[in-house]
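The structure under discussion appears below in the form of structure tokens.
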Amino acid sequence: MSLPAVMQSGARLLEREPVLEEAQWATLAQRADAIVILGAGREQNDPGWGRTDQPGLMALERLRYAARLARASGLPLAATGGLHYDQPPSEAALMADAMHRDYGLQIRWLEEESRTTWENAQLSAELLQPQGVRRVVLVTQAWHMPRARWSFEQAGFEVITAPMGYLSAGYERPLGGWLPESSVIWQSSQLLNEVIGLLAYPIVYGKQ
């Protein structure tokens, strides 16, 4: 799990959704009703930010990408992500604050109760679909996208995938990626979690 070559091979098996090419961004409003950003954790009580909570690093990646898509397309934004350990603020609220402060954009809809990808989809459907939002551009890491897309399609959305944060597209590494790296252990654990989720979700939720 510490070998980049092994991790990247595994990532390529998961990162199978097509890239949303920049040439397509300006026309997204013709095919979708909103951009949905999936939450990705938070950093708590950071002294550098006045001891306030901040979006996690993956969430910041998603925010940046969604901001580019929103500026290019003019589509409204939605964020989905609940509480960690039942402690406010929610992931969605943190993302909305960062989007406003850092990119000058407003997130119109906040879904603040979900704890899993499945709940991201189900609770977003309850919030968005009564307001006519049924076609969404989904923003999350490429290795997370297959499970996210399946969940949102099960919730009744038509999904355009906007994957980013590819683990399979890393830089050239020493010894062809066969030299262990400590950070790769965490990346491999994320991929392992996705494999488990992909196998379990259709069993647990497929008949609902």
Applying the selection to the stretch 1-49, what residues are loosely packed, with under 15 Cβ neighbours inside 10 Å, modelled with pLDDT of 95 or more and in a loop (DSSP other than H, G, I, E, B)?
-> Val19, Glu21, Arg31
For Asp53, which of the numbered conditions (1) assigned to a helix (DSSP H, G or I); (2) of a type in the set (D, E, K, R); (3) touching a Pro at 6+ places or on another chain (Cβ under 9 Å) fails to hold?
-> (1)
Where residues in the stretch 130-157 are surrounded by fewer than 17 Cβ atoms within 10 Å (Cβ to Cβ) and free of Cβ contacts under 8 Å to residues at least 60 places away in the same chain, which of them is nearest to the chain's Cα centre (by Cα)?
-> Glu153
What residue, among those in the stretch 108-119 that are closer than 16 Å to Ala200 by Cβ and of a type outside the set (Ser, Thr, Tyr), is modelled with the lowest pLDDT?
-> Arg115
Has the stretch 18-40 got any residue that is basic (Lys, Arg) and within 19 Å of the chain's Cα centre (by Cα)?
-> no
Does Gly48 satisfy the criteria of being free of Cβ contacts under 8 Å to residues at least 40 places away in the same chain and either among the small types (Gly, Ala, Ser) or in contact with a strand residue (DSSP E or B) (Cβ under 9 Å, 6 or more places away or on another chain) (or both)?
-> yes
How do the pairs read when you match residues in the stretch 20-37 that are touching a residue at least 24 places away in the same chain (Cβ under 8 Å) and small (Gly, Ala, Ser) with residues anywhere that are surrounded by 15 or more Cβ atoms within 10 Å (Cβ to Cβ) and part of a helix (DSSP H, G or I), using Cβ under 6 Å and keeping only pairs 6 or more apart or on different chains?
-> Ala26/Ala72; Ala29/Ser73
If you go through the stretch 103-113 one residue at a time, do you hit one that is without any contact (Cβ under 8 Å) to a residue 40 or more places away in the chain, over 20 Å from Ala59 (Cβ atoms) and either over 13 Å from the mean Cα position of the chain (by Cα) or surrounded by fewer than 21 Cβ atoms within 10 Å (Cβ to Cβ) (or both)?
-> no
Could you tell me whether the stretch 127-144 includes any residue that is modelled with pLDDT under 95, of a type in the set (D, E, K, R) and touching a strand residue (DSSP E or B) at 6+ places or on another chain (Cβ under 6 Å)?
-> no
Residue identified as among the small types (Gly, Ala, Ser) and either assigned to a helix (DSSP H, G or I) or farther than 23 Å from Gln54 by Cβ (or both) among Ala162, Ala125 = Ala125
Of the conditions (1) part of a helix (DSSP H, G or I); (2) loosely packed, with under 13 Cβ neighbours inside 10 Å; (3) not β-branched (Val, Ile, Thr), Arg62 fails just one. Which one is it?
-> (2)
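The values are calculated or read from the model by the stated rules, or taken from the named source; none is laboratory data. These numbers were taken from a predicted model, which means no experiment stands behind them. Quick reminder, even Gly has a Cβ in these numbers, built from the backbone with ideal geometry, and neighbours come from all protein chains shown.
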